[in-house]
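The values are calculated or read from the model by the stated rules, or taken from the named source; none is laboratory data. For clarity, every value in this text was computed on a predicted model and none was experimentally measured. Reconstructed Cβ throughout: ideal geometry from the backbone, glycine too, with neighbour counts over all protein chains shown. With ligands, DNA and RNA removed, areas are computed over all heavy atoms of the protein, side chains included. Shrake-Rupley method; radii C 1.70, N 1.55, O 1.52, S 1.80 Å.
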Amino acid sequence: MSRERTLRQALLDLLERAEPHALPEGQLHIELNGRVRPPAGLAEFDDAVTYLATRRYIALLPDSLDPETPQWLITESGKTLLRK
């Protein structure tokens, strides 16, 4: 399995396990690095999140209390992809 696919799959799994809650982006990155070796750098993490978000496998949940902190949720499409 490619590194990119490993990161994407781990992100989807983390978000599915967090349901029904969204995970703040910083926490998501930390939890991802607890699962993958070597740890994902910020650029790798951003690439994986961007890939998943542009294909609508994950969705951004705005935080009205802290709009500077993005939070992410898995979508139904993301759950379907995770099962493949």
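With Cα atoms as the point set, the chain shows a radius of gyration and Dmax of 11.9, 39 Å.
The calculated 222 nm mean residue ellipticity attributable to helices in the chain amounts to -17000 deg cm²/dmol, summing -39500 (n - 2.57) over DSSP H runs of n ≥ 4 and dividing by all residues. For region 66-72, 3J(HN,Hα) computed residue by residue from phi via the Karplus equation (6.51, -1.76, 1.60; θ = phi - 60°) reads 9, x, 7, 10, x, 10, 10 Hz, glycine and proline entered as x. Extending 7 Å from the Cα toward the beta-carbon at both THR54 and GLU68 defines two label points whose distance is 2.8 nm.
Look at the alpha carbon pairs under 8 Å that are at least 6 residues apart: their mean separation over the length of region 44-84 gives a relative contact order of 34 percent.
Rounded to the nearest 20 debye, the dipole size of region 3-83 about its Cα centre is 500 debye, using +1 on the Cβ of Lys and Arg and -1 on the Cβ of Asp and Glu.
Taking every Cα-Cα distance in region 26-70 and sorting them into 10 Å bins starting at zero, the pair-distance distribution P(r) comes out as 25, 49, 25, 2 percent. Distances between placed amide hydrogens fall under 5 Å for LEU61 paired with GLN71, TRP72, LEU73, all partners being 5 or more residues away or on another chain. Surface composition of the chain: carbon and sulfur make up 53 percent of the accessible area, probe 1.4 Å.
Summing Lys and Arg as +1 and Asp and Glu as -1 over all other residues whose Cβ lies under 13 Å from the Cβ of GLY78 gives a net charge of +3.
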